[in-house]
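Right, one structure below, let's go through it.
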Amino acid sequence: MDKKGPDKKERLLAALEQGLVMIHLDARRPGVLVPPHLRNEPHLRLNLSYRFDPPDLSVSDWGVRSTLSFSGTRFTVAVPWSALFAIASHVTKELFWMYPDDMPPELLQQTMVTTKVPTQEMTAAAPPPPVEARPRAVLREVPAETEGSESEGPRDEPPTPRRGHLRLVK
């Protein structure tokens, strides 16, 4: 086990006690077992939770193993600690741990490009021009259209309720 394994293990177990956890991993690392279509992913995110009632979720000194569902198909994944580079709790948003030493080089480069510090030329230049005054949006209530037109006159019966577009999936 690498030196960060115990730290990662403790943090993952603590986050799992809180609820839903997302682990970030490099699926290309040795020892990682994921579905074939995900094996070349440098940044794969997997959700873990005791509430999923996992039959075989185990967090050991080696890493994490669990049977997860991918597009309705169950697959047993295995993630060694060396492949895991971030842990995020969905329940408590402030719980997020990163391990930059284990991050894929592509992600480190991407992070460095997006958080690049301005050069001297940019800071010595004149301040940016003022933002143009944008017209303010005016909100107004728009009456809902009914199936009949307004020329038919008012209806005596109440309109039939429409079925919502959201559905509960268990």
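Of the candidates 58, 66, the single residue that is in contact (Cβ under 8 Å) with a residue 12 or more places away in the chain, among the small types (Gly, Ala, Ser) and more than 22 Å from residue 108 (Cα to Cα) is 66. What's the total number of residues in the range 89-104 that are at pLDDT below 85, in a loop (DSSP other than H, G, I, E, B) and among the hydrophobic types (A, V, I, L, M, F, W, C)? Adding up the residues that qualify gives 1.
Table: residues versus (1) in contact (Cβ under 8 Å) with a residue 60 or more places away in the chain; (2) touching a Ser or Thr at 6+ places or on another chain (Cβ under 8 Å); (3) surrounded by fewer than 14 Cβ atoms within 10 Å (Cβ to Cβ).
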position	(1), (2), (3)
12	yes, no, no
16	no, yes, no
32	no, no, no
54	no, yes, no
77	no, yes, no
86	yes, no, no
106	yes, no, yes
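Could you grab me the full set of residues in the range 35-56 that are farther than 13 Å from residue 17 by Cα and among the polar types (S, T, N, Q)? The answer is 40, 47. Quick check: is even one residue across the range 48-67 farther than 21 Å from residue 99 by Cα and β-branched (Val, Ile, Thr)? Checked against the condition, which is being farther than 21 Å from residue 99 by Cα and β-branched (Val, Ile, Thr), the range 48-67 yields at least one hit.
The values are calculated or read from the model by the stated rules, or taken from the named source; none is laboratory data. Please read all numbers here as calculations on a predicted model, not as lab measurements. Positions of Cβ are backbone-derived with ideal geometry, glycine not excepted, and every protein chain shown enters the neighbour counts.
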